[in-house]
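The values are calculated or read from the model by the stated rules, or taken from the named source; none is laboratory data. Model, not experiment: these values are computed from the prediction. Positions of Cβ are backbone-derived with ideal geometry, glycine not excepted, and every protein chain shown enters the neighbour counts. For accessibility, only protein heavy atoms count, side chains too; no ligands or nucleic acids. Shrake-Rupley method; radii C 1.70, N 1.55, O 1.52, S 1.80 Å.
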Amino acid sequence: MANARSDLMGRVDDMFDRVWVLAALAAAVGKAPLPKEHGELLAASGLAEREGEGWRLRADYDAVLTGQTDPAAFPRRIAELLRQAADAAEGVTAPDRSDDAAYLADGHSSGQHMRLFLDALSDRTPGFAELLEHGSPRFLDVGTGVGAISAVVVERSPGARAVGLDVDPRALRLAGEYLAGLGLHDRVETRLQDVADLSESDAYDLVWFPLSVLGPETAEAALPRLRAALRPGGLLVAATVLTSDQGAGPDTGERDLHTAVARWRMSRAGIAPWGPGELSRRLSECGFEDVRSAGAPSGTVTLLTARVPSTRERAEGSGPPS
């Protein structure tokens with residue numbers, strides 16, 4: 001028992017130190033020189049460097065964080081994640097307390113990731129580059145948020161038009177402002193609509209389906225509706241933050257720990273915890289074909305692509321549920 005207590009307390013102390021390193025990183029954004037103890041803490045974690053007699057956040061890291069549209073959004077987001085972790089420790093669930101600036105920063109980050117995704121899909125998915133560059137695709141953006149993903153797609157594809165769905169009125173308010181600021185409000189339509197209620201048929205060439213914003217029941221109900229909404233040969237791009245279908249076991253490494261953390265957070269938030277294998281299976285069972293992985297271009301999100309058959313006969317039940 002004494003050995004178990006010593007081992008447990010040692011592990012707790014180590015994890016506690018990591019939490020404080022994260023807080024110190026957030027507190028260092030845009031600040032130089034850092035107080036001695038603050039700088040030494042980050043230096044011990046490889047996050048800070050000497051500047052004269054003092055310390056500063058590593059220049060390359062500082063450039064990334066201060067180069068954002070709202071540099072203060074990163075510290076606010078870290079603070080919100082730490083509050084969510086504290087809620088989890090006490091067994092309570094609290095709503096997201098992110099302010100509009102942090103929400104917009106998250107959306108901007110999603111747009112940056114989508115640029116990487118489009119490059120990867122153009123390289124790895126037959127016909128995708130041609131569709132974007134020379135076609136006039138109609139794009140459906142599920143869980144559009146502030147509209148940043150739709151904006152990236154229509155900016156990349158001169159002939160594209162987009163429809164963004166979301167169930168959060170605040171998201172659509174911010175999307176309206178964001179898209180107007182980019183001059184794209186006439187090419188991106190936003191709707192206050194649950195994707196599980198989608199009833200269009202043969203309306204889209206490309207669908208973005210991010211599991212990170214969908215509950216299990218919504219995601220399951222959405223798949224046949226999205227298949228019906230896509231034109232023959234249309235492409236669905238699905239995204240999951242999970243890199244595997246299993247959590248961490250007793251002898252697994254850090255990456256599987258990351259997966260286990262993600263799965264628990266998704267479970268607490270009511271998000272569909274489908275890994276790549278389960279997602280692939282569900283797409284195939286729904287009647288999509290050519291289901292394949294496009295890898296993890298951003299390092300944090302796994303992409304799968306799936307097509308509606310180029311020719312199809314709508315058998316009973318193949319259309320959107322009534």
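Brief remarks on what is shown
- A value for Cα Rg over 2.2 N^0.38 Å was derived from the coordinates, and within the list (1) 0.94; (2) 1.11; (3) 1.00 it appears as (2).
- Each DSSP beta bridge with both residues in segment 43-170 is either parallel or antiparallel, and the antiparallel ones are about 45%.
- The chain, relative contact order in percent, only Cα pairs under 8 angstrom and at least six apart counted: 12 percent
- Candidates per GluC sites (Glu not before Pro) in segment 45-109, loop by DSSP, up to 11 other Cβ within 10 Å: E53, E90
- With every protein chain in place, the chain: carbon and sulfur % of accessible area (1.4 Å): 53 percent
- Rounded to the nearest 10 degrees, the inclination of helix 216-229 to the longest alpha-carbon principal axis of the chain is 40 degrees.
- Approximate spin-label separation D168-R11, in nm, with each point projected 7 Å along Cα-to-Cβ: 3.4 nm
- Beta bridges per DSSP with both ends in the chain, % antiparallel, nearest 5: 45 percent
- Estimated FRET transfer efficiency when R0 is 25 angstrom, pair V64-L116 (beta carbons, to 0.05): 0.95
- Scanning the chain for trypsin sites (Lys or Arg not before Pro) in DSSP loops with at most 12 neighbouring Cβ atoms within 10 Å leaves 98-313 as the longest stretch between them.
- Residue ranges 144-150, 203-209 sort as 144-150, 203-209 when ordered by packing (mean number of other C-beta atoms within 10 Å per residue, highest first).
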